[in-house]
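Since the structure comes first, as structure tokens, the remarks are kept for the end.
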Amino acid sequence: MLKYKVVEINSVTEDTIETALNELTREGWRFDGLHFAMRESSKRPSMAFVIFTREEE
């Protein structure tokens, strides 16, 4: 059975994204996608959602 995990990042920086990717892949999760939430008044994302998957019995 495929299990999903979504990690919400409130402070979107290179370091916070890298930390999330490294920590979860170390735990056996596989990176599946990255989605950004944008504000109309800014060109920088206000939030990011990192999606991981892993097979479980």
Discussion item. Per-residue counts of other Cβ atoms within 10 Å, averaged by peptide: what ranking do you get for 17-28, 32-43, highest first?
Written reply: 17-28, 32-43
Fill in: Between 0 and 90°, nearest 10: helix 14-26 axis offset from the chain longest Cα axis
10
Practice prompt. Report the net charge of residues surrounding Ala20, where surrounding means a beta-carbon distance below 14 angstrom and charges are Lys +1, Arg +1, Asp -1, Glu -1.
Written response: -4
Item to complete: Bin width 5 Å, alpha-carbon pairs only: give the P(r) of the chain as whole percents, running from 0 to the bin holding the largest distance.
Response: 4, 19, 28, 20, 13, 8, 5, 2, 0, 0
Response to the item:
Which residues qualify? For Ala37, with a placed amide H closer than 5 Å and at least 5 residues away or on another chain, they are Ser46, Met47, Ala48, Phe49
Worksheet item: When the helices in the chain are scored as -39500 (n - 2.57) per DSSP H run of 4 or longer and the sum is shared across all residues, what 222 nm value do you end up with, to the nearest 500 deg cm²/dmol?
Response: -7000 deg cm²/dmol
Worksheet item: Stretched out fully, how many nm does the piece from Glu18 to Arg39 gain, at 0.36 nm a residue minus the Cα gap?
Response: 5.3 nm
Discussion item. Need the full-extension length gain, Asp32 to Glu57, defined as separation in residues times 0.36 nm minus the C-alpha distance. One decimal, nm.
Written reply: 7.1 nm
Discussion item. Given Cβ point charges of +1 (Lys, Arg) and -1 (Asp, Glu) and nothing else, what value in debye, to the nearest 20, does the dipole of the chain about its Cα centre take?
Written reply: 220
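We did not get these values from a lab; they are worked out from the coordinates using the rules stated. In this text the structure is predicted, and so the values were computed from the model without any measurement. Here Cβ is always computed from backbone atoms with ideal geometry, including for glycine, and neighbour counts include all displayed protein chains.
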